[in-house]
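Got a structure here, written out as structure tokens. Questions coming.
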Amino acid sequence: MASLKEIRSRISSVSSTRKITSAMKMVSAAKLKKAQNTIENSLRYQQKMTDILYGFISSTENDAASPVSEMRAAKRIAIIAVTSDSSLCGAFNNNIIKLFKETYNEYAGELGSENIDIYPIGKKMAAAVHKMELSSIETGIEMTDKLDFAPIAAFMNKLMQEFVEQKIDEVIVIYNHFKNAGVQVPTKETLLPFAAPKQESDTANVDYIVEPGKKELVEDLIPKVIRMQLYSILQDSLAAEHGARTTAMQIATENADELVQELTLNYNKLRQAAITTEIITIIGGAEAIK
């Protein structure tokens, strides 16, 4: 059985850990709020730009074909997998790594591993790819709280150029979609070839005067929408990361509270037993003297 000193030491250690997890929970909650505000703003911009694009696509019919929209049999693909740079966020990273492995094995069986380009975003994903002994390609994107759009745009420009040159035939992105602070959904989306989903748009009913023409505008808008898609996905992943970490630290804090209560109870029981033993010893000694 542990001594009083050992239990006191454990209580002190757990209490210190509890302070850390509680502080991390508050920091993550604050970052989550900022990330939610950022993604709401970017999604509004993306949605408006997308509405305009889809409106023009529906009105230009077949004249708005874009090189990045070409559907063809996939002979070589690119997989973008997004995780966090740090840990302490529950199963956030493991879920993405698991989905990546499933996706990679599926395409490796169909196309061969030599026809898969891997683009890890986030240190945890890069480490997982290295552990799997797979080759990967740097993206130049850092998963910081303030995402820099420039390297994201440059990266997507590179992939779009490779798609147009038929060096790759499909681009897939794997990431955690933020549903709420307690739920992150591992998601797989296709960025290229670009497919405009059928939807109603007010733009199609507005008689705009467009220069030099709708076709040229659509060809210019599609790459912008694709770049914005990846940016929004990374913002989504950041929000999901902070949500996962907030929940994980909340659970860790609650577990620490329960452990401190349990240790304190054991400490009090052991202390009471020690006091009782001392009293019995004193009484026994007094009786012996008599």
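Rule-based calculations on the coordinates, nothing more; no lab input. What you are looking at is a predicted structure, and each value in this text was computed from that prediction instead of being measured. Heads up, the Cβs are rebuilt from the backbone with ideal geometry, glycines too, and the neighbour counts pull from every protein chain shown.
Within the range 136-166, which residues are in a loop (DSSP other than H, G, I, E, B), free of Cβ contacts under 8 Å to residues at least 60 places away in the same chain and under 16 Å from Pro120 (Cα atoms)?
Ser136, Ile137, Glu138, Thr139, Gly140, Glu142, Thr144
Now for a separate question. In the range 93-123, what count of residues is obtained for those that are on the phi > 0 side of the Ramachandran plot and touching a residue at least 12 places away in the same chain (Cβ under 8 Å)? Give the derivation first.
Just the residues of the range 93-123 that are on the phi > 0 side of the Ramachandran plot, to begin with: 112, 122.
Keeping just the survivors that are touching a residue at least 12 places away in the same chain (Cβ under 8 Å) gives 122.
So the answer is 1.
Then there is this: Could you grab me the full set of residues in the range 244-290 that are of a type in the set (Ser, Thr, Tyr) and in contact with a helix residue (DSSP H, G or I) (Cβ under 9 Å, 6 or more places away or on another chain)? Walk me through it before giving the result.
Step one: filter the range 244-290 for residues of a type in the set (Ser, Thr, Tyr), giving 246-247, 253, 264, 267, 276-277, 281.
Residues satisfying the conditions are Thr246, Thr247, Thr253, Thr264, Tyr267.
Between a residue in the range 247-262 that is within 11 Å of Lys19 (Cα to Cα) and touching a residue at least 40 places away in the same chain (Cβ under 8 Å) and any residue that is of a type in the set (Ser, Thr, Tyr) and buried (at least 18 other Cβ atoms within 10 Å of the Cβ), which pairs come within a Cβ distance under 7 Å, given they are 6 or more apart or on different chains?
As it stands, the answer is Met249/Thr21; Met249/Ser28; Ala252/Thr21; Thr253/Thr21; Ala256/Thr21, since those pairs meet every condition given.
Can you find a residue that is closer than 23 Å to Val27 by Cβ and in contact (Cβ under 8 Å) with a residue 12 or more places away in the chain anywhere in the range 167-174? I'd like the intermediate steps shown before the answer.
Narrowing the range 167-174 to residues closer than 23 Å to Val27 by Cβ: none.
Checking the range 167-174: not a single residue is closer than 23 Å to Val27 by Cβ and in contact (Cβ under 8 Å) with a residue 12 or more places away in the chain.
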